[in-house]
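What follows is a single structure, written as structure tokens, with notes after it.
Read-outs: derived from the displayed coordinates by stated rules, not from any lab. What you see is a predicted model, and the numbers here were worked out from it, not measured in a lab. Because the Cβ atoms are built from the backbone with ideal geometry, glycine has one as well, and the counts that use them run over all protein chains shown.
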Amino acid sequence: MDFKAAKARLIEHLGAEIKDKQVLDVMSRIPREYFVPPQSRYLAYEDMPLPIGFEQTISQPFIIALMTGALQLQGDERVLEIGTGSGYQTAILAELARLVITVERLPALAEAAKKALDGLGYRNIEIHLSEETLGWPSGVLYDAIMVTAGAPEVPPDLIAQLALGGRLVIPVGSRYLQELYQITRREKKNIVKDLGSCRFVPLIGRGAWEE
Ligand code: SAH
């Protein structure tokens, strides 16, 4: 399998709509095939989500590029990711920010992601198993938060973990179809931008969906 050629084709395809060069550059460096199960590796550079077990998926590259760009990272941020899954999105964030704190509710996925990310040599990623409160409240507010599972509404617990001026990117809608929101936290009224429709697995927990 010629991953190099397949990857180059994918990046070119994404470039038709994604104008953020930095995001495309990072995606062209990270091996997505490391993060997908062996039986679907041959599809690693198709622009589609792929199953990673436990009814979860590694997101579609186009959506990943769109969501990453919407965080507007400059390089010195502390970023929170909810839904580590395969760890692929985590790696992208780790290339673009200072520190990534990522939270996953399924221990087996968290362990597999840790292995993949350690194997690639990342040193600026903390992986945690989710607790009662959505996210990872730590006393310090996050500059950016990405949620890679769909929520029924914007969880107030996550807004509370976002710094003023920080961006939250989150799919919000029904269990099966959502709108992707980019929310910028403001002192009074947050700015909400709709980036289009998407389909994510459900965000499970207090303030989101039941299992
Ligand atoms: N970014 C991942 C997407 C994985 S799918 C990737 O591209 O591989 C979404 C993940 O969110 C699943 O692994 C699921 O177990 C996890 N998840 C769902 N609800 C969660 C919660 N409340 N806290 C943390 N992780 C959650």
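Sequentially through segment 187-202, phi angles give Karplus couplings (6.51, -1.76, 1.60; θ = phi - 60°) of 4, 9, 9, 5, 8, 10, 10, 8, 9, x, 7, 7, 9, 10, 5, x Hz, Gly and Pro residues having no value and appearing as x.
Taken over the chain, lysine pairs spaced eight or more positions apart, or on distinct chains, with alpha carbons under 21 Å apart number 4.
Of all stretches in the chain that contain no chymotrypsin sites (Phe, Trp or Tyr not before Pro) in a DSSP loop with at most 12 other Cβ atoms within 10 Å, the longest one is 55-175.
Would you kindly state how much longer the chain becomes between residue 209 and residue 163 on full extension, computed as 0.36 nm times their sequence separation minus their alpha carbon distance, in nm to one decimal?
Numbers: separation 46, 0.36 × 46 = 16.56 nm, distance 2.49 nm.
Result: 14.1 nm gained on full extension.
The magnitude of the dipole of segment 1-131, with charges of +1 and -1 set on the Cβ of Lys/Arg and Asp/Glu and taken from the Cα centre, is near 280 debye. Once you keep just the Cα pairs under 8 angstrom separated by 6 or more residues, what percentage relative contact order results for the chain? Dividing the mean separation by the residue count of the chain yields 15 percent. With both labels modelled 7 Å from their Cα along Cα-to-Cβ, the residue 9 to residue 133 distance reads 4.7 nm. Once backbone amide H atoms are built at 1.01 Å from N, residue 162 has 142 as its partners under 5 Å, excluding neighbours fewer than 5 places away on the same chain. Label sites at residue 111 and residue 41, each approximated as a point 7 angstrom past Cα along Cα to Cβ, lie 2.1 nm apart.
At most 15 other Cβ atoms within 10 Å and a DSSP loop assignment: could you name the trypsin sites (Lys or Arg not before Pro) in segment 151-194 that fit?
When the trypsin sites (Lys or Arg not before Pro) of segment 151-194 are filtered for loop state and at most 15 Cβ neighbours within 10 Å, 175, 186, 188, 189 remain.
Of the residues 56, 36, 11, the one whose Cα sits farthest toward the positive end of the charge dipole of the chain, with +1 on the Cβ of Lys and Arg and -1 on the Cβ of Asp and Glu, is 11. Computed on the Cα trace of the chain, the radius of gyration divided by the Kirkwood hydrodynamic radius gives Rg/Rh = 0.93.
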